[in-house]
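The values are calculated or read from the model by the stated rules, or taken from the named source; none is laboratory data. Only a predicted model underlies this, so the values are computations on that prediction, with no experimental measurement involved. Counting neighbours? That spans all protein chains shown, and the Cβs are built from the backbone with ideal geometry, glycine included.
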Amino acid sequence: MSSRHLRTFTDKASGKDMKRPQVDALLTFVHNGDTVVVHSTDRLARNLDDLRHIVHALTQRGVRVEITKECLTFTGKDSPMANLMLSAMGFS
């Protein structure tokens, strides 16, 4: 595995909105076939609309999103139940 695929993005900015340099860097960096692993939904976004937007933007590009704390995985071919779980657990 190349080192390109082993990159950590850490934001020091508040997650209150989408204007975070490391989220922008992540969205620019990932490519089809990559997997983004996030500890919890609140590390990716602080509100449900932004969370859905980010997950959708990634999966539409063929990027797999794994959220470990909530045991969620999104691929873009998600069932309605997976999308319901994203909404329900997004900010539990």
* How do the pairs read when you match residues in segment 29-43 that are closer than 14 Å to residue 10 by Cβ with residues anywhere that are loosely packed, with under 11 Cβ neighbours inside 10 Å and not acidic (Asp, Glu), using Cβ under 9 Å and keeping only pairs 6 or more apart or on different chains? -> 29/4
* Note down all Cβ pairs under 6 Å where the first residue falls in segment 44-58 and is closer than 20 Å to residue 10 by Cβ, the second is surrounded by 15 or more Cβ atoms within 10 Å (Cβ to Cβ) and of a type in the set (Ser, Thr, Tyr), and they're at least six residues apart or on different chains. => 51/41
* In this structure, does residue 90 turn out to be at positive phi and at pLDDT below 90? -> no
